[in-house]
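Asker: Questions regarding the structure given below will be posed in turn.
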Amino acid sequence: TSAETGEVLAELNQASVIVDASTHKILRPRIFSQYGVQIGETDGRFLEKIEVPEGMPLVGERPVYYSDLDYNGHLNNAIYADILCDFIPGGMMGQSLKEVQINYSSECRFGDVLKLYAKEQDGAVYLCGEHERGGSFVCRAVKKGK
């Protein structure tokens, strides 16, 4: 919140799961405390699955570089937002986003090449990434002023 105006500058909602790195099975919530993650109260809001529009055209490809990787050797979560900004229909120059949701479904690894599909529909922009093993992520963003 801005100290000068009291205006909300950013709001973040996150839903996470912890997955065993070798088996890829979801771990139970009691495991969270081992990693310093505290389970707290929610305000009753939940992130919904992104419904992707049909007929999204291919807008480009993006290789996963070594510098994109996190400690586990997967594409760092922050890079997905970079990819959204690089491939958003109409480009980001002179624009800003007021909402962004990214749903991750399958990790990307060094050397993967993401095929990116995007479409603007009903006031939102959608971007999907797929690698050779299938779907990797889906984004939904709303530009400021829309």
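Asker: Given the criterion at pLDDT 90 or above and either more than 23 Å from Gly145 (Cβ to Cβ) or touching a Pro at 6+ places or on another chain (Cβ under 9 Å) (or both), identify the matching residue among Leu47, Leu84, Leu58.
Answerer: Step by step, each of Leu47, Leu84, Leu58 is checked, and only Leu58 is at pLDDT 90 or above and either more than 23 Å from Gly145 (Cβ to Cβ) or touching a Pro at 6+ places or on another chain (Cβ under 9 Å) (or both).
Asker: Continuing with the same structure: When region 120-146 is examined, which residues are found to be farther than 16 Å from Asn103 by Cα and open to solvent by less than 60 Å² (accessible area, probe 1.4 Å)?
Answerer: Within region 120-146, Gly123, Lys143 meet the criteria.
Asker: Same structure, new question: Going by the structure shown, is Asp68 modelled with pLDDT of 90 or more, within 17 Å of the chain's Cα centre (by Cα) and under 21 Å from Gly145 (Cα atoms)?
Answerer: Taking the combined requirement at face value, the residue does not satisfy it.
Asker: Could you list all residues from region 60-115 that are β-branched (Val, Ile, Thr) and open to solvent by 60 Å² or more (accessible area, probe 1.4 Å)?
Answerer: Answer for region 60-115, where residues must be β-branched (Val, Ile, Thr) and open to solvent by 60 Å² or more (accessible area, probe 1.4 Å): Val100, Val113.
Asker: For region 95-110, what are the residues that are within 30 Å of Asp20 (Cα to Cα), within 14 Å of the chain's Cα centre (by Cα) and in a strand (DSSP E or B)?
Answerer: Answer for region 95-110, where residues must be within 30 Å of Asp20 (Cα to Cα), within 14 Å of the chain's Cα centre (by Cα) and in a strand (DSSP E or B): Val100, Gln101, Ile102, Asn103, Tyr104.
Asker: What number of residues in region 63-113 are closer than 15 Å to Arg133 by Cβ and of a type in the set (Asp, Glu)?
Answerer: 2
Asker: Let me ask something else. Could you tell me which numbered condition Asp112 fails, if it satisfies all but one of (1) touching a residue at least 24 places away in the same chain (Cβ under 8 Å); (2) under 19 Å from Ile50 (Cα atoms); (3) of a type outside the set (A, V, I, L, M)?
Answerer: Condition (2) is where Asp112 drops out.
The values are calculated or read from the model by the stated rules, or taken from the named source; none is laboratory data. Note that this is a predicted model, so its numbers are computed, not measured. Here Cβ is always computed from backbone atoms with ideal geometry, including for glycine, and neighbour counts include all displayed protein chains. SASA here: full protein model, heavy atoms, side chains in, ligands and nucleic acids out. Shrake-Rupley method; radii C 1.70, N 1.55, O 1.52, S 1.80 Å.
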